[in-house]
Structure formats: C-alpha cells, structure tokens
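For reference, the structure discussed in these notes is given below.
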Amino acid sequence: MKAFRLVSLLEGFSYLLILSVTLGFINREYVFAIGMAHGALFVSYIILSFYVAHKRSWSIFVWLLVFIASLIPFAFIAVELFIEKELKKVSSEHNI
C-alpha cells in the first residue's frame, strides 16, 4: 500500500509536469524525459492499483475510481486521501 501511495503521488506530479509543458510553463526540450518518466509511473500505478485492489478486496467500482483519478489532473490528491484512510483502517485492524 505504501509503494502504491508513493507511485500515486509521483504519477500525479509527473502528469502535472506534462501539462506544464503543454501550457508552456516548461520548455519542450524536456518532453521526452518527462514523458518517459510519466509513462513508467503510469504503468506502475496501474499494476500496483490492481495488486492493492486485490489485497484490500476493493470492489471493481472503487478500482475504477482510482483508475479514472489517474486520468484527471489533481485527482491524485483525492486518491492520496483515500489511501490515507485505507492505511488507517489497516493499522486499526492490526491493533485489534
């Protein structure tokens, strides 16, 4: 879950970097490097989301929301809040 959290944050920020290039805030000479990093993070995000969804018994609906969040700028913040809630659940389950 912690690895997914890290990849989720990195993927979200890399998506914002890609959009920054598109909007002209970052020079286009960095497109290839940012694009490759974002692509690798996106693939990692999808793979880890499947793994975490299986381990945490998320419904297909929850997984789809997590997936769709990867396509929407700034939605990684909502995923971060969701993961934080899930981690609190995990720690409370271990304390029982």
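Bear in mind that the values in this text are calculations on the coordinates, not laboratory data. Nothing here was measured: the structure is a model prediction, and the numbers come from that model. Note that we place each Cβ from the backbone using ideal geometry, even for glycine, and neighbour counts take in every protein chain shown.
Taking the stated definitions as given, is GLU93 surrounded by 14 or more Cβ atoms within 10 Å (Cβ to Cβ) and either under 9 Å from the mean Cα position of the chain (by Cα) or of a type outside the set (A, V, I, L, M) (or both)?
no
Is it the case that some residue within the stretch 41-55 is out of contact with any Phe, Trp or Tyr (no Cβ under 7 Å at 6 or more places or on another chain), surrounded by 14 or more Cβ atoms within 10 Å (Cβ to Cβ) and among the hydroxyl-bearing types (Ser, Thr, Tyr)? Yes, some residue in the stretch 41-55 is out of contact with any Phe, Trp or Tyr (no Cβ under 7 Å at 6 or more places or on another chain), surrounded by 14 or more Cβ atoms within 10 Å (Cβ to Cβ) and among the hydroxyl-bearing types (Ser, Thr, Tyr). Of all residues in the stretch 17-28, those satisfying the criterion of being surrounded by 14 or more Cβ atoms within 10 Å (Cβ to Cβ) and either touching a residue at least 40 places away in the same chain (Cβ under 8 Å) or β-branched (Val, Ile, Thr) (or both) are ILE18, VAL21, ILE26.
For the stretch 56-82, the candidate set comprises residues that are small (Gly, Ala, Ser) and crowded, with 16+ Cβ neighbours inside 10 Å; within that set, the residue that is farthest from PHE13 (Cα to Cα) is ALA69. If the condition is being in a loop (DSSP other than H, G, I, E, B) and farther than 17 Å from ALA69 by Cβ, then the stretch 18-58 contributes LEU23, GLY24, PHE25, ILE26, ASN27, SER57.
Any residue at all in the stretch 30-40 that is touching a residue at least 12 places away in the same chain (Cβ under 8 Å) and closer than 12 Å to SER8 by Cα? Looking through the stretch 30-40, at least one residue is touching a residue at least 12 places away in the same chain (Cβ under 8 Å) and closer than 12 Å to SER8 by Cα. May I ask you to list pairs of residues, at least six apart or on different chains, whose Cβ atoms are under 8 Å apart, with the first in the stretch 73-96 being touching a residue at least 40 places away in the same chain (Cβ under 8 Å) and the second being in a helix (DSSP H, G or I) and among the hydroxyl-bearing types (Ser, Thr, Tyr)? Final answer for the pair search is PRO73/TYR15; PHE76/SER8; PHE76/TYR15; VAL79/SER8; GLU80/SER8; ILE83/SER8.
Inside the stretch 59-83, can you point out the residues that are aromatic (Phe, Trp, Tyr) and either in contact with an Asp or Glu (Cβ under 7 Å, 6 or more places away or on another chain) or in a helix (DSSP H, G or I) (or both)?
Listed by number, the residues that qualify are PHE61, TRP63, PHE67, PHE76, PHE82.
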